[in-house]
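Please treat every number below as a calculation from the coordinates, not as lab data. Remember, predicted model here, so these are calculated numbers, not experimental data. Note: ideal-geometry Cβ built from the backbone for every residue, glycine included; neighbour counts use all protein chains shown.
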Amino acid sequence: MNDSVVRVRDLRLRRGERTILAGVSFDVVRGGLVALMGPSGSGKTTILRAIAALERFDAGTITIESLTLTGGIPSPALLKQLRRHVGLVFQFHHLFEHLPALKNVTLAPVHAGGMSVADAERRARDLLAALGVEHREHALPRELSGGEAQRVAIARALAVDPPLLMMDEPTASLDPARRSELGELLRGLVKQGRTILVSTHDDEFAREWATQVLRVSGGRVI
């Protein structure tokens, strides 16, 4: 039985004359911390964005558990289901600047998941506590340190309890101590049953923490 959370097959994408993805295929097995590696411009972030249906692609398929993307614009119904299956933490976090940490985390469960505000706030506080930033629930994003903002962004991505968490270049702005803290945090999430896919060019982080490494080169995973 194939216990893959994500199955990517022959993913292709061009921008004008430039080929970004030239037939990418790979599986992400449930319960792993998978590092998608390659130099800047190799297509790592594009792959994550395609899996999250934030990037249209020209050919191929992406299957996330029972959901399949085939390029083009997904239907609203498919997008709604997808948002419950995939959480994405952007490199620069992209928290809503006018909302405190707690409200950033409750948005998706309330507006996309139909959860009551009280239940969403209860879950948000549990997540913030599990990530060590419960004391910052009333802070605006500009009042958070980089590490705190990242943890709030992770809590936001996990708020609808998706089976897959993706992170784009999560160690880009972290010093060695914070990078180790992040590794411990992600390993803890994997032990709780999460599957995590990160794009990174950080060889040291991947060697220490990843259970699988996929390398992107020439628009393919090799």
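Remark: the Cα gyration tensor places segment 75-206 in the oblate category, a/c being 1.5 or greater and a/b not exceeding b/c.
Which parts of segment 26-55 would a label at Arg15 reach, counting a residue when its backbone N lies under 20 Å from a point 7 Å out along Cα-to-Cβ? Counting only backbone N, you get 36-55.
Stretching Ala118 away from Ser25 to a fully extended chain increases their span by 29.3 nm, per 0.36 nm per residue minus the current alpha-carbon distance. Compared with the alpha-carbon gap, the fully stretched path from Leu99 to Ala177 is longer by 25.2 nm at 0.36 nm per residue.
Here segment 13-97 is assigned +1 on the Cβ of each Lys and Arg and -1 on the Cβ of each Asp and Glu. Its dipole about the Cα centre then comes out at about 80 debye.
Between Asp203 and Ser145, the simple spin-label model (points 7 angstrom out along Cα→Cβ) gives 2.9 nm. Each Lys and Arg contributes +1 and each Asp and Glu -1, all at the Cβ; summed about the Cα centre of the chain, the dipole is approximately 560 debye. Per residue, the convex hull spanned by the Cα atoms of segment 93-141 amounts to 73 cubic angstrom. If you wrap the Cα atoms of segment 146-220 in a convex hull and average its projected area over all directions, you get 5.4 nm². Dimensions of segment 30-118 based on its C-alpha atoms, expressed as ranges along the principal axes with the largest first, amount to 41, 30, 27 Å.
Computing Rg and the Kirkwood Rh from the Cα coordinates of the chain gives a ratio, Rg/Rh, of 0.96.
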